[in-house]
There are 2 protein chains.
Amino acid sequence: MNPAPTPHPGFDDILAAAARIAPHAHATPVLRSRTLDALAGCELHLKAEPLQRTGAFKFRGACNAVWSLTDAEAARGVVTHSSGNHGAALALAARTRGIACHVVVPEGAVAAKLAAIEAYGATLHHCAPTIAAREAMCAQVQVDTGAELVHPYTDPRVMAGQGTAVLELLAHSPGLDVVVVPVGGGGLAAGSAIAIAGASPTTELVLAEPAGAAETHASLAAGERLTEFVPDTICDGLRGTLGAPNFDLLRAHGAQVVVVDDDATVHAMRLLWQRAKLLVEPSSAIALAAVLAEPARFAGKRVGIILSGGNVDADALPTLFAGTSATFRKE
Amino acid sequence: MNPAPTPHPGFDDILAAAARIAPHAHATPVLRSRTLDALAGCELHLKAEPLQRTGAFKFRGACNAVWSLTDAEAARGVVTHSSGNHGAALALAARTRGIACHVVVPEGAVAAKLAAIEAYGATLHHCAPTIAAREAMCAQVQVDTGAELVHPYTDPRVMAGQGTAVLELLAHSPGLDVVVVPVGGGGLAAGSAIAIAGASPTTELVLAEPAGAAETHASLAAGERLTEFVPDTICDGLRGTLGAPNFDLLRAHGAQVVVVDDDATVHAMRLLWQRAKLLVEPSSAIALAAVLAEPARFAGKRVGIILSGGNVDADALPTLFAGTSATFRKE
């Protein structure tokens, strides 16, 4: 399929998204921890998107996309390809409007994740684990059903929806010096850039990216979008390639990237569990890890962090937390 | 030691406590989950005290006690006996005022918990694991230092402080039909009864108590305080005996008790992790378990729950969560 070029969303689109999703999405709390502040040497404002519906910020973008459709468009349903948080988010968003949702998933996807997407009422379409097979299946579903494609991160409605998380954070904690968000495909990153430009232009945007999938860092440094890389990171939500419109928006905004090792991300994940009592995904903990990795950069500043999601594989926890102090205590 | 009879705190004391602890304690968020609502058949309002400082509501009472002292009293410090959340809470509360804190702990207490109490700056005093040895050591510390005893649940300043959690919950979610809190020694329970009587007298108070330590249920049924029992429950925060003033207050208030099996509590703990992304202690999850255990009682009602604490032993999690679906997802 060849979707039409997507126009870049603007700040008005984020404000409209905030109003559109308000009846359906949670306004998540912003948490503080004096212990984490002391460890980081700065003032942290943690936007807790694990407490969002579906357990991740992804519901914001999916919900904005679904409720942006005309009634006629909505009647034909929506389709996407994702075996992760976006698939679940679109499924639930579609259910809030009572419309069909089709999710194309590759063979070999984790059964429990697929069960979660189905539990939200979506129809699964299995395909071979290649990009070509995935796109062909998406196109076929569109032909068969007339469903609207909602891309996980290049769709401007999705970007605008994701930007509402930072919009809420800046409303709660005005005048932050810097906001840190994880970057994978760049939906949250681009939406955050737009929200910051409109709501708090002196706030700096820092993107946290895993060392094993640091193509956003390389692309922004090179001034062109690099897409040839093999991701190798535990941050399963950040293995995707930065989208083309996302690259344009982030380049224009002058976003900075901090590259983070997986070990530092796991350490941050433990800290958030011990000290903020929040179970977050590695793809989410990486934002705190970025702050801890460059203390001089953030020293004494007021730092907002989007904790993006909390859908953790429970089986992985004993390994991730091996050697962690037996009793957790929060300050 | 023979402390003077403690006067029962009133609603004014809770309002004063709320003002007194406001500069130090977090106003914790009230979380909602449509999935949990659907499972419970009622509308749940979850007051998230795992996000309180020290990871539990106990900080409220300890902080109120510490900041109720005159400067002369405060200069002599505070003392308590607790190897759990109250010990850590009093230690941190004392630190917020810059005063000494002594915590009497029995031999055999969990090392990691003691380390946490020490990390907050308290001095540990070890004693034999009997009530007589504990009280003798507390009395000795009082003689030696002039420190003020802050009992974990019979102290009226502690009860008043604990009552601020329900006060905040009722301010956030006015007109709740019922509020459910766990009961052990009865500090939170008594404080909650007073807060409800003053702020929302038509709201019912339900106490959740483990079947393996259900002496509050037995005492209220018998009309007299029963103290002879051997606790057998995973709810380690609820193994204590209901205090005498706590019994009087709860009896006068007409509080109801729901007795909950440990299996149901572990199930609720899993649900809260899966669906609310909150890691809570068994002693905290029991309040949700009580609602799930008696669906007819709560059907269609607006139900507040105090999720009291989140200091979980990480080593116990793999066992507690064995067989739980591999991927957790929240709605």
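The values are calculated or read from the model by the stated rules, or taken from the named source; none is laboratory data. Since we're looking at a predicted model, the values are computed, not measured. Here Cβ is always computed from backbone atoms with ideal geometry, including for glycine, and neighbour counts include all displayed protein chains.
When we screen B:V166, B:V158, B:V105 for residues that are free of Cβ contacts under 8 Å to residues at least 60 places away in the same chain and either assigned to a loop (DSSP other than H, G, I, E, B) or in contact with a Lys or Arg (Cβ under 9 Å, 6 or more places away or on another chain) (or both), the only hit is B:V105. Give the residue that is surrounded by the most Cβ atoms within 10 Å (Cβ to Cβ), with candidates limited to residues of the stretch B:278-317 that are in a helix (DSSP H, G or I) and at the interface with chain A (Cβ under 9 Å from one of its Cβ atoms). Among those that are in a helix (DSSP H, G or I) and at the interface with chain A (Cβ under 9 Å from one of its Cβ atoms), it is B:A314.
All of B:K47, B:K58 fail the test of being under 20 Å from the mean Cα position of the chain (by Cα), basic (K, R), crowded, with 24+ Cβ neighbours inside 10 Å and more than 22 Å from A:P50 (Cα to Cα), apart from B:K58.
Among the residues that make up the stretch B:306-326, is at least one of them touching a strand residue (DSSP E or B) at 6+ places or on another chain (Cβ under 8 Å) and at pLDDT 95 or above? Yes: one or more hits.
Out of A:R275, A:R270, one residue alone is touching a helix residue (DSSP H, G or I) at 6+ places or on another chain (Cβ under 6 Å), within 11 Å of chain B (Cβ to nearest Cβ) and in a helix (DSSP H, G or I). It is A:R275. Confirm whether A:T70 is away from chain B (no Cβ under 14 Å), over 30 Å from B:Y120 (Cα atoms) and surrounded by 24 or more Cβ atoms within 10 Å (Cβ to Cβ). No; evaluated as a whole, the condition is false for this residue. The residues of the stretch A:113-146 that are out of contact with any Lys or Arg (no Cβ under 8 Å at 6 or more places or on another chain), touching a residue at least 24 places away in the same chain (Cβ under 8 Å) and under 23 Å from A:D71 (Cα atoms), listed by number, are A:A122, A:C138, A:A139, A:V141, A:Q142.
The residues listed here are A:N85, A:N64; of these, the one that is in contact (Cβ under 8 Å) with a residue 40 or more places away in the chain, away from every other protein chain (no Cβ under 13 Å) and surrounded by 23 or more Cβ atoms within 10 Å (Cβ to Cβ) is A:N64. Candidates are the residues of the stretch B:22-39 that are away from chain A (no Cβ under 12 Å) and under 17 Å from B:T96 (Cβ atoms); the one that is surrounded by the fewest Cβ atoms within 10 Å (Cβ to Cβ) is B:P23. The number of residues in the stretch B:172-188 that are in a helix (DSSP H, G or I) and surrounded by 24 or more Cβ atoms within 10 Å (Cβ to Cβ) comes to 2.
This table checks each residue for (1) in contact with a His (Cβ under 7 Å, 6 or more places away or on another chain); (2) modelled with pLDDT of 95 or more; (3) part of a strand (DSSP E or B); (4) over 19 Å from B:I305 (Cα atoms).
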{"site": "B:G191", "(1), (2), (3), (4)": "no, yes, no, no"}
{"site": "B:A221", "(1), (2), (3), (4)": "no, yes, no, yes"}
{"site": "B:T227", "(1), (2), (3), (4)": "no, no, no, yes"}
{"site": "B:V230", "(1), (2), (3), (4)": "no, no, no, yes"}
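Among the numbered conditions (1) touching a strand residue (DSSP E or B) at 6+ places or on another chain (Cβ under 9 Å); (2) not in a helix (DSSP H, G or I), the only one that A:A89 does not meet is (2).
The residue list B:A48, B:A74, B:A100 contains one member that is assigned by TED's automatic domain parsing to the domain that holds B:T28 and modelled with pLDDT of 95 or more, which is B:A48.
Please verify whether A:V143 is within 15 Å of the chain's Cα centre (by Cα), at pLDDT 95 or above and over 21 Å from A:P245 (Cβ atoms), treating the condition exactly as stated.
The answer is no for A:V143.
Per-residue answers, yes or no, for (1) buried (at least 18 other Cβ atoms within 10 Å of the Cβ); (2) among the aromatic types (F, W, Y); (3) within 17 Å of A:G185 (Cα to Cα):
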| site | (1), (2), (3) |
| --- | --- |
| A:V105 | yes, no, no |
| A:A122 | yes, no, no |
| A:E135 | no, no, yes |
| A:D144 | no, no, no |
| A:L170 | yes, no, no |
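Please state which of the following conditions B:K113 fails to meet, knowing it meets all the rest: (1) under 21 Å from the mean Cα position of the chain (by Cα); (2) in a loop (DSSP other than H, G, I, E, B). (2) is the only condition that B:K113 fails.
How many residues does the stretch B:239-267 hold that are under 30 Å from A:L279 (Cα atoms) and assigned to a helix (DSSP H, G or I)? So the answer is 6.
Is it the case, given these coordinates, that A:V260 is more than 14 Å from chain B (Cβ to nearest Cβ), modelled with pLDDT of 95 or more, crowded, with 24+ Cβ neighbours inside 10 Å and within 23 Å of A:A171 (Cα to Cα)? No; evaluated as a whole, the condition is false for this residue. Residue count for the stretch B:40-54 satisfying the condition of being assigned to a loop (DSSP other than H, G, I, E, B) and facing chain A (nearest Cβ under 9 Å): 1. The listed residues are A:T80, A:T96, and the only one of them that is within 14 Å of chain B (Cβ to nearest Cβ), of a type in the set (S, T, N, Q) and either under 19 Å from A:A19 (Cα atoms) or not in a loop (DSSP other than H, G, I, E, B) (or both) turns out to be A:T96. Assigned by TED's automatic domain parsing to the domain that holds A:V183, crowded, with 21+ Cβ neighbours inside 10 Å, in contact (Cβ under 8 Å) with a residue 12 or more places away in the chain and within 18 Å of the chain's Cα centre (by Cα): does that describe A:A91? Taking the combined requirement at face value, the residue does not satisfy it.
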